[in-house]
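Only one structure is covered here, and it is reproduced in the block below.
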Amino acid sequence: MVAKNAKSKNGPGNEADDGPSSSYFIDPELATANGRSLSLLLAGRRCYECQQADERESPESSDHVQFMERIAEHCSQTPDYLLPDTPLKEAIFRVLLTAGSEPKSSQDISKVLSEKWALTAYPRDVSETVLQRLLDSSESYCIARVPEPEPEPSDEEEPAPGAGTAADPE
């Protein structure tokens with residue numbers, strides 16, 4: 001599922017959408033296409049305890065799925081997983097990691113960050129507009145937009161040339 005993140009059709013700052021906001025996920029195929037090791041990228045996001053428990057084996061040779069599961073189940077629950085001074089792109093990546101393989105929209109991510117950072121001394125703009133812009137330019141984090149479903153052909157389309165109609169003589 002390698003696809004470039006499409007820029008917003010409405011331009012920056014315009015939130016008028018025709019439908020629900022796009023969802024995003026961490027795409028292993030995008031990592032491969034960009035020459036990145038997703039396992040290594042995820043290994044560094046684990047908590048201190050999990051990183052210390054590593055065997056002598058390199059994290060790069062491990063399966064990225066086990067890291068995603070461990071981060072979602074354990075590491076994301078530690079108090080220092082998503083600190084208020086975390087850069088926004090990193091925070092978005094970490095929120096997506098907590099979801100495991102479930103896609104999240106900019107609205108979902110905004111809600112998580114707003115709740116997590118509600119009482120911080122350093123307020124930050126975690127609005128959907130800001131997060132959407134960052135999500136659309138987060139390929140280095142292997143974040144991809146969930147592809148839009150193909151539109152179904154309508155019944156009102158004209159028949160292809162040469163196709164018979166009810167008025168054709170037999």
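Here, each number is a calculation from the coordinates, and none is a lab measurement. Quantities reported herein were computed from a predicted structural model and do not represent experimental measurements. Don't worry about glycine lacking a Cβ; one is built from the backbone with ideal geometry, like all the others, and counts go over all protein chains shown.
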**Amide hydrogen neighbours beyond the local backbone of SER105, cut-off 5 Å, H modeled** = TYR24
**Prompt:** Using the per-residue mean of other Cβ atoms lying within 10 Å as a proxy for protection, in what order, highest first, do the peptides 139-147, 73-81, 31-39, 105-113 fall?
**Reply:** 105-113, 139-147, 31-39, 73-81
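If you put +1 on each Lys and Arg Cβ and -1 on each Asp and Glu Cβ, how big is the dipole of region 23-145 around its Cα centre, in Debye rounded to 20? Walk me through the numbers before you get to the answer.
Values: 13 positive and 20 negative charges, 69 e Å.
Value, rounded to 20: 340 debye.
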**Message:** Quick one: 3J(HN,Hα) in Hz for region 111-123, Karplus 6.51/-1.76/1.60 with θ = phi - 60°, rounded, Gly and Pro as x.
**Reply:** 4, 4, 5, 4, 5, 5, 9, 4, 9, 7, 6, 10, x
**Request:** Putting +1 on Lys and Arg Cβ atoms and -1 on Asp and Glu Cβ atoms, find which of THR98, ASN34, TRP117 reaches farthest to the positive end of the dipole of region 17-136.
**Result:** TRP117
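For GLN66 and ASP85 in one chain, what is 0.36 nm times their gap in residues minus the Cα-Cα distance, to one decimal in nm?
4.1 nm
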